[in-house]
Amino acid sequence: MPETPARNTGAHVVYAELKRRILALELKPGERIYEPAMAAALHVSRTPLREAVRRLISESLLEQQPTGAVLVPALDEAAMSDLFEVRAAMESLMARNACPKATAADIEVLRGILARNAAMVGFADDAMQQGMSLHAKIAQMAGNAWARRFHGQITGHMERYRHFTNSTQERRDQALVQHRALVEAIAAGSPDEAAGIAFEHVMAARDAALRAMSGNAQAGNPPAGDPPAGDAAAGA
């Protein structure tokens, strides 16, 4: 069942901008949302801001304290691990479903993305975009609207953790090898193999992210903020 496009209301515009700032870590984990200051910063009244905040609370992208204060949720290793596990299940399902539906044109598109991924593997942001494109194409091929919806929701939440994944060249190279194996399994029409590769691929990204978060904490660095140059994700 496809999602109904959101109306371009004032509240939706405020929601989209707040969500972007949260996912990009422009609003830091633990930061409090002060209604008057935020309304002034966004040049809106408090009514659309309150509606946007309620929606973000319902999506767990903001949290309300017993005192009524609204905070950006802290980055949390357990929450991140849970997100990766659910995403792994979704990616596995979609890879399996894509196998019997893949056309020659689909495989050509996937191999084109792989070629761009290989060319950009040394550049974290560009490699990330190609990895995301690959997974999005497989999701489209799978044709499961509910899986795509849940996958999109999970991926949105994972944006805040993205700079912890594939933070080394070694992990980006590993991800590229896994992407290639996944595409070849789909091209060969091997659903079990494709599902297994997709699952292990996402779990490897989870393990890399957990190591990065743990190392960040041990070094005494704050969990939020911009990653060092070259340390963004590579599309899992």
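Residues of the range 22-49 being without any contact (Cβ under 8 Å) to a residue 40 or more places away in the chain, open to solvent by less than 50 Å² (accessible area, probe 1.4 Å) and on the phi > 0 side of the Ramachandran plot, which ones?
The answer is none; no residue qualifies.
Taking the options A79, A52, A98, name whichever one is closer than 27 Å to E200 by Cβ, surrounded by 14 or more Cβ atoms within 10 Å (Cβ to Cβ), touching a residue at least 24 places away in the same chain (Cβ under 8 Å) and among the small types (G, A, S). Break it down stepwise before answering.
Numbers: A79 fails: touching a residue at least 24 places away in the same chain (Cβ under 8 Å); A52 fails: closer than 27 Å to E200 by Cβ.
One residue alone meets the criteria, A98.
From the list N97, N8, which residue is at negative phi, of a type outside the set (A, V, I, L, M, F, W, C) and at pLDDT 95 or above? Spell out the reasoning first.
Details: N8 fails: at pLDDT 95 or above.
The conditions single out N97.
Among the residues that make up the range 150-162, is at least one of them closer than 25 Å to L27 by Cα, of a type in the set (A, V, I, L, M) and in contact with a strand residue (DSSP E or B) (Cβ under 7 Å, 6 or more places away or on another chain)?
In the first step, residues of the range 150-162 are kept if they are closer than 25 Å to L27 by Cα; the result is 150-162.
Then keep just the ones that are of a type in the set (A, V, I, L, M); that gives 154, 158.
The next check asks that each one be in contact with a strand residue (DSSP E or B) (Cβ under 7 Å, 6 or more places away or on another chain); those that pass are none.
The answer is no; no qualifying residue exists.
Quick check on my filter: what residues within the range 67-103 are farther than 23 Å from M128 by Cα and touching a helix residue (DSSP H, G or I) at 6+ places or on another chain (Cβ under 9 Å)?
Scanning the range 67-103 gives V70, V72, P73, N97, C99, P100, K101, A102, T103.
State whether one or more residues within the range 82-94 are without any contact (Cβ under 8 Å) to a residue 60 or more places away in the chain and of a type in the set (K, R). Step through it out loud before you land on a result.
Our first condition is that a residue be without any contact (Cβ under 8 Å) to a residue 60 or more places away in the chain; within the range 82-94, this holds for 82.
Filter once more, so that each one left must be of a type in the set (K, R): none.
Taking every residue of the range 82-94 in turn, none turns out to be without any contact (Cβ under 8 Å) to a residue 60 or more places away in the chain and of a type in the set (K, R).
Could you count how many residues in the range 173-191 are farther than 17 Å from K137 by Cα and in contact with a Gly (Cβ under 8 Å, 6 or more places away or on another chain)?
Looking only at that region, the number is 0.
Every residue in the range 185-227 that is out of contact with any helix residue (DSSP H, G or I) (no Cβ under 8 Å at 6 or more places or on another chain), of a type in the set (A, V, I, L, M) and modelled with pLDDT under 95, please.
A217, A219, A224
Need at least 2 residues that are of a type in the set (D, E, K, R) per element, so show me which helices (runs of 4 or more DSSP H) inside the range 25-100 make the cut, counting only ones lying wholly within it.
Details: elements: 35-42, 46-58, 77-98.
By residue number, 46-58, 77-98.
The values are calculated or read from the model by the stated rules, or taken from the named source; none is laboratory data. The structure presented is a predicted model; accordingly, all values stated were derived computationally and were not measured. Positions of Cβ are backbone-derived with ideal geometry, glycine not excepted, and every protein chain shown enters the neighbour counts. Just so you know, the surface numbers come from the protein's heavy atoms only, side chains and all, with ligands and any DNA or RNA stripped out. Shrake-Rupley method; radii C 1.70, N 1.55, O 1.52, S 1.80 Å.
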